[in-house]
Every structure is written in structure tokens, then in C-alpha cells.
1. Does at least one position in region 313-327 carry a residue that is modelled with pLDDT of 95 or more, in contact with a helix residue (DSSP H, G or I) (Cβ under 9 Å, 6 or more places away or on another chain) and assigned to a helix (DSSP H, G or I)?
2. How many of the residues making up region 504-522 are under 25 Å from residue 319 (Cα atoms) and surrounded by fewer than 12 Cβ atoms within 10 Å (Cβ to Cβ)?
3. Can you tell me how many residues within region 269-287 are buried (at least 22 other Cβ atoms within 10 Å of the Cβ) and either closer than 22 Å to residue 305 by Cα or in contact with a helix residue (DSSP H, G or I) (Cβ under 8 Å, 6 or more places away or on another chain) (or both)?
4. With the condition kept exactly as written, say whether any residue in region 402-417 is out of contact with any strand residue (DSSP E or B) (no Cβ under 7 Å at 6 or more places or on another chain), touching a residue at least 60 places away in the same chain (Cβ under 8 Å) and in the same structural domain as residue 337 (by the TED database).
5. Working only within region 242-258, note down all residues that are in contact with a strand residue (DSSP E or B) (Cβ under 7 Å, 6 or more places away or on another chain) and crowded, with 21+ Cβ neighbours inside 10 Å.
6. Take the conditions surrounded by 22 or more Cβ atoms within 10 Å (Cβ to Cβ) and either in a strand (DSSP E or B) or in contact with a helix residue (DSSP H, G or I) (Cβ under 8 Å, 6 or more places away or on another chain) (or both) and apply them to residue 307. Does it pass?
7. Just checking: which of the strands (runs of 3 or more DSSP E) contained wholly in region 375-491 hold 3 or more residues that are surrounded by fewer than 18 Cβ atoms within 10 Å (Cβ to Cβ)?
8. Which condition number in (1) touching a helix residue (DSSP H, G or I) at 6+ places or on another chain (Cβ under 7 Å); (2) over 23 Å from residue 107 (Cβ atoms) is the one that residue 177 fails?
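The values are calculated or read from the model by the stated rules, or taken from the named source; none is laboratory data. The structure presented is a predicted model; accordingly, all values stated were derived computationally and were not measured. No Cβ is skipped: glycine too gets one built from the backbone with ideal geometry, and neighbour counts run over all protein chains shown.
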């Protein structure tokens, strides 16, 4: 694994790039004039084949409990190589540097001295005086500890430059500069990487959960015909033949087509695109997770949601969630609206009736809005804030049984409330602290009922100009004839959930290069 007996740097490759005419105090700008391709060597050319290569976390783990007193000079007899980025350089006289080297979010100290390298102090300074914070380097030497007990790699050959770095600002706090250069922001403010890490960990937890429950992960088309699968505006383009294409707004219909095709348990984590505005929790490009499971009821979907969120909380420990040990609060849509407003909903949920009701309870809506839009306004005014009440803070709340007009792809049924009968959907939305995280329902599997709902969506667009109404997928309707089993479908915004677990207040913090407005600047 490791090499013994490499003596002096004559047996090591001394990179030509380390020879410089600079003074030992050469700064970044002066050094930049001499940088050429030799400062960016193929990494294999800088490695000694006899020396064991370890990544920094491996090095730390390998020697964390080693008693170096067992060896002469308290250094490992074998030689090792580590590589990484310089985080700090501390000079102790002319012939000794202490270098903090970072790789894989772990740090190891490099002790570089002219004596161990067999160099004079002037030779040592000539070959190492150009090193700067941010440089990427490789170091070969022996493991040991300093007099203070810190685990270190004691360099036995000159440090190999792998990629020099320009000067970084000490701090980056201007939002405009951050949004225009996220790569620089991650370097200057390493803690800004944490939300990205949390998002990745969430995706890992989701995959583990679905794998444990026997789901198959799939990838469905992102570029296709008219955008379908959600009430949203799409992005449209054409191919070289003039065919109209759209970026998907949701993978829902594709995933249900797979269920029709015999895939009983499928899920997908991927990007969707909606031609809508940008705010703290919305970006036109975002990541979602959707799963579909045949022969699954609404209650089972609620139970699976509680299990999945409990797993994520146990693993990631979000400060914005309580331990999730009690059942989630459930608020039924129609009784909930009536309890909050003190007024019964109209028996017929038509556009004129709902407009009058909104005026009665003080909700400002445009009289030309569709019934679905008005019902959504009532929900956002009276039901969603229930999750912000002290007794519900940091705890999920299910809002369920939304009126059928709000859920064109959900299974519908009739339900009696007092002396009134409504068409409601077997659907729920999950809210935490006023924000929606999950939308789930039993899928409509009756082709004739789905056709009726598709045509109703078209009428909403024609009558009320609701351009967020669902675009019908008539091919999906044809495929439903082959038999869609009773199916539970579930969708979650990964970005928004990552915000919750990472304690972020804006969606760009969990997206690697921010919102679309930020991306086009970079």
C-alpha cells in the first residue's frame, strides 16, 4: 500500500513550475504574470507510483488512533500522498510552513520543512514561496504528529502545484455579487454549501425509503408535446422540423402511463419547468419527487407521508420540525372553511356563487376568476394559516377533500355536509408553517370521468382565461382504457423541503446556481 525509503527530493519529480523568479513575498497579481500551462500538470505526472494515495478523510481515519512513538523519529515508516486545496499557510521562519489542506470537507495539516526535504532554506523558499491560499496542491511524506499533538503529513518532497488560484475576497455579502457568482460564493463562504448538501441528503433519504418499499426509480420525458400533468403555465419551443414541444410541468401523466403499463410502484426525482414568477419559494425550474403506487387509498398515502417525513427528520434533524411523534393534524376542506368563516359555503360551487361568498367573508378576488381559483383563494386565506397557529407550529397539517374543481386528475366522490352534497376529491395537501410541501390523491381511473374533467378544464380556460388550468392529454385518456388500477399518487417539492430542513428562507439557497434570474448572470 505504501512506500518506504524515498530519500531526498532527488528521487521525486520536482515540478518545473515551482522554479520562479519571484521574491518569497510575491503576491497573487505578481505571480499571475508567470503562470503558464506547466502550473496545471496532468495529476498523474505529479504522483510517485511507489507512494500510497489517500484522500484526506481516509488519511485522518487511518491515523486517528496511531501511536507514532512506536517508530523512530515518531513518523510512519511508509510514505503517503494527499491532495487538496490550501486553506491557510502559516510560516515559521524561513524553512518551515504549516499548511491547512482541505479535501472532501476534511482538513489535514501539512508540515513542510527544508530539513525533511533535504533543501537549503533558500531552495525551500524559492520552491514554496509562491504558494497561496486557494491553490490546489499534492504532498508526499510521512504521517506523524506535531509537538502539540496534531495529526499531520510531514512533507518529504517539494509540494506539487496542481492548479494555482486567484485571490479571493475575504467576504462576500452583497446579494447581487453572490447571485452573479455562486462558485465564488461557495469558496468564500463555505457554510453556504450546507443547504446544497441537505438537499442531496434528502434525495438520498427519499431513495432509501422507496427502495425499502419496493419502488422502481424511473426517468420520464422532460421534453415532449403540450405540457400536461399540472395546473401550470409551460415553456414552449419547436424542434428543427417545426414540431411544437414543451418542457414538462410535472411527470404525473407519464408515471401513471407506466402504472397502466404494469409498473405497480414507481417514483421519480427530477426537474420540472413552469413559466411562472420567482419569489422566496418559487423558481421556474425546480426539483420534485413523485411516486405512484397501485391499489393505494388516501389514508395509506397519508400514512406513507408520515413515515417518510419521520425518516427524514430522524436522519437530518431539522430545527423547523418537532420530533414528528404524534399524528398530523387533519383539516377537512369544506367544514374547515365554514368553521373559519362562520358561513356555510353555497350549495352549488359555481363562479357567481363563489364570488358572492368571497365578498361575504372578505376575500378579494377578481370576478372573472374561475371557481378553482376562488376556492384556492379561500384555502390560502383560511385553511393554510392553520399550520401557523402556535399549537401547530413546526408540525405538519393535512388539508384534505378539496372540491373536485380544484383537482382535475384526482378521484372524485360525493360527500354530504349537513343538508348539502358536494363533489369532492380524494386528495390532501400537506402544510408546515404556512407552506405547502406535499400534494397527493387517489388518481382518477375512470376514463369517462377524466374526459369530463379535462373538458371542464378547457371551459375554465375559455370562460375565465385561467391559463393555469390543466392542458388535457388525450393520448393519456386513450391509454386509460387499458385499465388504470386504483392508484395513489404523491408529489413533493424537494427544493422547498430542503429549505425547511436547512433552515433557509429563500429557494435560491438550495439551488446550486440560484433562480433563473441568477443563472443567466453566470
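1. Looking for residues that are modelled with pLDDT of 95 or more, in contact with a helix residue (DSSP H, G or I) (Cβ under 9 Å, 6 or more places away or on another chain) and assigned to a helix (DSSP H, G or I), one finds none in region 313-327, hence no.
2. 1
3. Quick first cut of region 269-287, residues buried (at least 22 other Cβ atoms within 10 Å of the Cβ) only: 272-274, 283.
Pick out the ones that are also either closer than 22 Å to residue 305 by Cα or in contact with a helix residue (DSSP H, G or I) (Cβ under 8 Å, 6 or more places away or on another chain) (or both) and you get 272, 283.
Within region 269-287, residues that are buried (at least 22 other Cβ atoms within 10 Å of the Cβ) and either closer than 22 Å to residue 305 by Cα or in contact with a helix residue (DSSP H, G or I) (Cβ under 8 Å, 6 or more places away or on another chain) (or both) number 2.
4. Within region 402-417 (the criterion being out of contact with any strand residue (DSSP E or B) (no Cβ under 7 Å at 6 or more places or on another chain), touching a residue at least 60 places away in the same chain (Cβ under 8 Å) and in the same structural domain as residue 337 (by the TED database)), the answer is yes, since at least one residue qualifies.
5. 248, 249, 250, 251, 252, 255, 256, listed by residue number.
6. The answer is no for residue 307.
7. Of the strands (runs of 3 or more DSSP E) lying wholly inside region 375-491, those with at least 3 residues that are surrounded by fewer than 18 Cβ atoms within 10 Å (Cβ to Cβ) span 412-417, 420-425.
8. (1)
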